[in-house]
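Okay, so here's the structure we're looking at.
The values are calculated or read from the model by the stated rules, or taken from the named source; none is laboratory data. Computed from a prediction, not measured in an experiment: that's the story for all the values here. Virtual Cβ from ideal backbone geometry, glycine too; neighbours counted across all protein chains shown.
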Amino acid sequence: MPKSSAIPEFRRIVWASLGVHVLAILVLLGVAKWQHHDARHRNAIIVHLARKGEMRPEHLLPRINPETVPVPDIPTAPKPTTPVAPPVPTPAPPQPAKPDPAGKQPSVKDRLAAVSRVSGALSRLEKATQEKVEGDPGGVDSGTTSDVQGSLYRSRFGAEVHACLQAHYQFEGVDPTLAQGRGLEAEVSIRVAADGRFEKYDVHVARKHAAFERAVRHAIDACGKVSPPPAVIRQEMKREGLLLLFKP
Amino acid sequence: MKGFCCYLNRNLIVWIIIFFVSSSAGAERVRIVVEGAGYKAFPIAITALQAGSGEQANALAAQMTTVARTGATLVRALELVDPKTYLVPRISLDKVPNLAPWHSVGASGLIGGRIDVAGGMVHAQMVLVDVVSGRILINRKYEGSVAQPSSVVYRFLDDVIESLTGVRGIFSSKIAYVKVIGSGKRAIFYSDIDGSHVERVTPTDQLSLLPAWSADGTSMLFTTFMQQNSDLARLTLRGGSLTWLSTKRGLNTGAAVSPDGKRIALTLSADGNTEIYVMNWDGSDLKRLTQSWGQDVSPTWSHDGKRIAFVSSRSGNPHIYVMDADGGNQRRLTFKGDYNQEPSWSPLPDGQIAFTGRDEKFKYDLFLVDPNSAAITRLTQNQGSNEGPSFSPDGNQIAFTSSRGLQAGRQVYVMDVDGKHPRRVTMAPGDYETPAWGPRLGYER
């Protein structure tokens, strides 16, 4: 008799234990789901607000965006010019990185990802410079591993020079569109010193155009200096330099 | 977004060019293409002009300094560097000055000078220095009447603009306009581009309208009711000799002189309906160009004299049309709006046509239409009524009338061709109409 009553008791304990475990699992799943739901809503949602409205009918004359309507005139007041700071002669020495004042530190995961990206890029660069050159046996034998590295640096350095010149390339007092389509071109041979200074340049123009020549010379003079060329191409930049082709 | 994409694409192309040229060429030099220049007005510093001996020289030097600084604000090509920022008040004329203080205030050009007075004449030694290259671009002597020192300054500023941009300045040009001087009475006047030196053209108070300059700026054409009919007359500005060019029955109006000065386009209603005609400078060889049931008026010539834009109501409402100078290939240019009038064709190659349009709120404003693509750009908005555009001889500015800020009447204004920097030209109270910007003139007049 005691034996027969012990079995249902055991079953009850098993079922109760199972119920408690299932309940615990459900609670855990619920908490996990709630956490996941909360985390998703903590992410920033960037939206682009667009003014809702009907399209302007085709048959009407255009309107100016209200933000761009000129301010009513002031009859004879001279237009003031904001003075431009003089160019800094030498770049400031590199400063150690300061901690973010906002106190928001990147997570370990972010740092690992950044390190992984950098090391990945470095390994790809190393591989590119060290691996055997493969190609068509009938092709020209002019590529070397050092050329690959040099061309990468040339490309990067050339892009910096381009960005600097483009930023200062402005026609002063003449609408540049008036000079376009007239076949105006200026070829400039320029040498770059080891510290990145533009050392010497010659401007050759096929057709004379005062404003165009001024814009070309001003872009070179105003840019003046870029980062020192990488060691791989330093001699080349000093000896042969760059060839610039300006168009309006 | 579109601009950003274009920028991105352009830079991407440059990157690709740089990479491929540098990687494939090996020992060849890196070649960089720089194109798509921006625009900015030429930043210029104008130092206080030095005075020779005598009180009059002192006063004139101060006056001419002010005229030069104000003059730099009147044209689109120049931008005056604020004199309050100058670290050096004057410069030496004997040698290239130290340019560092001028670099630091953002000046690309530097102006200085010395003023002397002798025998009722002002003698000015004026200098322009290129701050970027350090070269002296102008070092020249100018003479003029003590009574009009501004003409000396403006002659120098025209040289400055020509030296910097390759295109002569417009300080010698004049702006003509109609002034309402009573009920049914209108007279034609003209002034310098800064609004000074106002001269009256038409001798009587009878209705005179729609001034148009001759190509050399020595005479003016206008419509007048002196003979109780709307006749077209020409008046020489020196001597005041009047010639009747067209006195046909009905309207003889809206004259526009071709760029070469040999032909006149005009509107006549002798055949019952207003149509566009052309004739020689002396009024001979009259030819009809348009023939439609609508009103065809307000002709304006393209820069090369090969095409004419005009207003026609042949489609029901007035719109801008273009045709060849012989009347061929007539086509409608504007399809937006329902009341487009008063076209003025830019004197530049591929220049646009400015016109007055009435929008859906019944406001008159200024617009540009591209004669090739027919794309329309709005220039004015929410600043009163703006009408009667007329291009400056360099195509960089537009004169027009505006009622902005006024209780009554309209004044003559000038703005850049992109609608920026509007400034008032006429200062005397009154009501002004239909400005006409004349050609560059010699300074002897």
Tally, over segment A:181-196, of residues that are loosely packed, with under 15 Cβ neighbours inside 10 Å, more than 9 Å from chain B (Cβ to nearest Cβ) and not acidic (D, E):
3
For B:P89, the lone unmet condition from (1) assigned to a helix (DSSP H, G or I); (2) surrounded by fewer than 15 Cβ atoms within 10 Å (Cβ to Cβ); (3) in contact (Cβ under 8 Å) with a residue 40 or more places away in the chain is (1)
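Within segment B:378-393, track down each residue that is facing chain A (nearest Cβ under 10 Å) and assigned to a loop (DSSP other than H, G, I, E, B).
Result: B:L379, B:T380, B:Q381, B:N382, B:Q383, B:G384.
Would you confirm whether any residue within segment B:157-165 is surrounded by 20 or more Cβ atoms within 10 Å (Cβ to Cβ) and either more than 14 Å from chain A (Cβ to nearest Cβ) or of a type in the set (D, E, K, R) (or both)? Before the answer, list the steps.
In the first step, residues of segment B:157-165 are kept if they are surrounded by 20 or more Cβ atoms within 10 Å (Cβ to Cβ); the result is B:157-158, B:160-161, B:164-165.
Within this subset, residues satisfying the condition of being either more than 14 Å from chain A (Cβ to nearest Cβ) or of a type in the set (D, E, K, R) (or both) are B:158.
The answer is yes, given that some residue of segment B:157-165 is surrounded by 20 or more Cβ atoms within 10 Å (Cβ to Cβ) and either more than 14 Å from chain A (Cβ to nearest Cβ) or of a type in the set (D, E, K, R) (or both).
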Residues of segment A:218-234 being away from chain B (no Cβ under 12 Å), touching a Pro at 6+ places or on another chain (Cβ under 9 Å) and surrounded by fewer than 16 Cβ atoms within 10 Å (Cβ to Cβ), in sequence order, are A:S227
Identify all residues within segment B:263-282 that are at pLDDT below 95 and surrounded by fewer than 16 Cβ atoms within 10 Å (Cβ to Cβ); write none if there are none.
B:D271, B:G272, B:N273, B:D282
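So which residues in segment B:168-190 are out of contact with any helix residue (DSSP H, G or I) (no Cβ under 7 Å at 6 or more places or on another chain) and within 14 Å of chain A (Cβ to nearest Cβ), if there are any at all? Let's see the steps before the verdict.
Narrowing segment B:168-190 to residues out of contact with any helix residue (DSSP H, G or I) (no Cβ under 7 Å at 6 or more places or on another chain): B:170, B:173-190.
Residue satisfying the conditions is B:I170 alone.
Does at least one position in segment B:266-273 carry a residue that is touching a residue at least 24 places away in the same chain (Cβ under 8 Å) and either under 27 Å from B:Y413 (Cβ atoms) or of a type outside the set (D, E) (or both)? Walk me through how you get there before you give the answer.
Taking segment B:266-273 and keeping what is touching a residue at least 24 places away in the same chain (Cβ under 8 Å), we get B:266-267.
Those still in the list that are either under 27 Å from B:Y413 (Cβ atoms) or of a type outside the set (D, E) (or both) too: B:266-267.
Yes, the conditions are met somewhere in segment B:266-273.
Considering only residues of segment B:92-104 that are assigned to a loop (DSSP other than H, G, I, E, B) and surrounded by 14 or more Cβ atoms within 10 Å (Cβ to Cβ), which is farthest from the other protein chains (Cβ to nearest Cβ)? Explain how you work it out, then say what you get.
Of segment B:92-104, the ones assigned to a loop (DSSP other than H, G, I, E, B) are B:92-99.
Still in the list and also surrounded by 14 or more Cβ atoms within 10 Å (Cβ to Cβ): B:93, B:96-97, B:99.
Values: B:L93: 23, B:V96: 16, B:P97: 16, B:L99: 11 Å.
Filtering segment B:92-104 for residues that are assigned to a loop (DSSP other than H, G, I, E, B) and surrounded by 14 or more Cβ atoms within 10 Å (Cβ to Cβ), the one farthest from the other protein chains (Cβ to nearest Cβ) comes out as B:L93.
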Any chance segment A:205-217 includes a residue that's surrounded by fewer than 17 Cβ atoms within 10 Å (Cβ to Cβ), more than 10 Å from chain B (Cβ to nearest Cβ) and closer than 28 Å to A:Y153 by Cα?
no
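Scan segment B:222-240 and tell me whether some residue there is farther than 24 Å from B:S390 by Cα and either in contact with a helix residue (DSSP H, G or I) (Cβ under 6 Å, 6 or more places away or on another chain) or of a type in the set (V, I, T) (or both).
Quick first cut of segment B:222-240, residues farther than 24 Å from B:S390 by Cα only: B:226-229, B:239-240.
Pick out the ones that are also either in contact with a helix residue (DSSP H, G or I) (Cβ under 6 Å, 6 or more places away or on another chain) or of a type in the set (V, I, T) (or both) and you get none.
No, the conditions are met nowhere in segment B:222-240.
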Return yes or no: is B:Q352 within 20 Å of the chain's Cα centre (by Cα), more than 9 Å from chain A (Cβ to nearest Cβ) and closer than 24 Å to B:L209 by Cβ?
no
Of all residues being within 7 Å of chain A (Cβ to nearest Cβ) and part of a loop (DSSP other than H, G, I, E, B) in segment B:61-81, which is surrounded by the most Cβ atoms within 10 Å (Cβ to Cβ)? Just the residue, please.
B:V81
For residues that are farther than 20 Å from B:I46 by Cα and of a type in the set (A, V, I, L, M, F, W, C), tally how many sit in segment B:157-183.
6
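B:S298: out of contact with any helix residue (DSSP H, G or I) (no Cβ under 6 Å at 6 or more places or on another chain), more than 14 Å from chain A (Cβ to nearest Cβ) and closer than 27 Å to B:N382 by Cα, yes or no? Spell out how you get there, then give the answer.
Details: out of contact with any helix residue (DSSP H, G or I) (no Cβ under 6 Å at 6 or more places or on another chain): yes; more than 14 Å from chain A (Cβ to nearest Cβ): yes; closer than 27 Å to B:N382 by Cα: yes.
Yes: the conditions hold for B:S298.
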